[in-house]
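No value in this document is a laboratory result; all are computed from the given coordinates. All values derive from a computational prediction rather than experimental measurement.
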Amino acid sequence: MMSLALRRLLVKICCFFMLSQAMNISGQNLTFFHYGLAEGMSDPSVGAILQDRTGFIWVGTDFGLNSFDGLRFKPYLHDISDSLSLSANSISCLFEASTGHIWVGTRGGGISVYDPTHERFTRMLHKAEDSSSLSNNYINHITADSEGHIWIATENGLNELISDPQYPQAAAFRTLQLPFSHIYCMAEWPRGTY
């Protein structure tokens, strides 16, 4: 029986070997750039990254959302006096819907859906008096299944969008009854189950 230390060493060696082989297979020299506050980001602590269909890079941080066009960052921040701004600054996840809208999951502010055409956000929040609202405002993961249904993992349940994603201002959700409520992430299996 191998010791735990030896197993860990073998795993590290295998990972190093696979990574070095992957880099050799590509036949490309990789160049890395470091971006931070000096380059215009709102915060250097990154929690989510997404490249949208137009090529923009979206970076969710602990203090706001940033879009990057390859040259400069544009920050989006919560503004308490602007209901069309980001709902909260602490970003947990990003998702691009088939509509081209960017869904921004937050820690405590529900979901903000960015409409690139009108350059504004629509907020989706948990409302205790509304059973068709999100089950919680702490969002961990957003994804779509192979049939196009949008799913939201929260700190208190799994939600399915049951309204048209083209109209986030009229969002309605169904909360699934599960034996546990804290959902971290989701993945679709070949048979369509999660």
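Remarks
- Annotation: amide H of Phe173 within the under-5 Å range of Ser133, Ile162, sequence separation 5 or more or interchain, hydrogens built in the peptide plane.
- Each 10 Å bin from zero holds the following percent of Cα-Cα pairs in segment 102-174: 21, 58, 20, 1.
- Stretching Glu188 away from Ile49 to a fully extended chain increases their span by 48.0 nm, per 0.36 nm per residue minus the current alpha-carbon distance.
- Shown in residue order for segment 109-124 are the 3J(HN,Hα) couplings computed by the Karplus curve 6.51 cos²θ - 1.76 cosθ + 1.60 at θ = phi - 60°: x, x, 10, 10, 9, 8, 9, x, 5, 9, 6, 8, 10, 10, 9, 10 Hz (x for Gly and Pro).
- Dividing the alpha-carbon radius of gyration of segment 58-150 by the rule-of-thumb value 2.2 N^0.38 Å gives 1.06.
- Scanning residues 5 or more positions from Leu158 or on other chains, those with amide H under 5 Å from its amide H are Leu176, with H placed 1.01 Å from N in the peptide plane.
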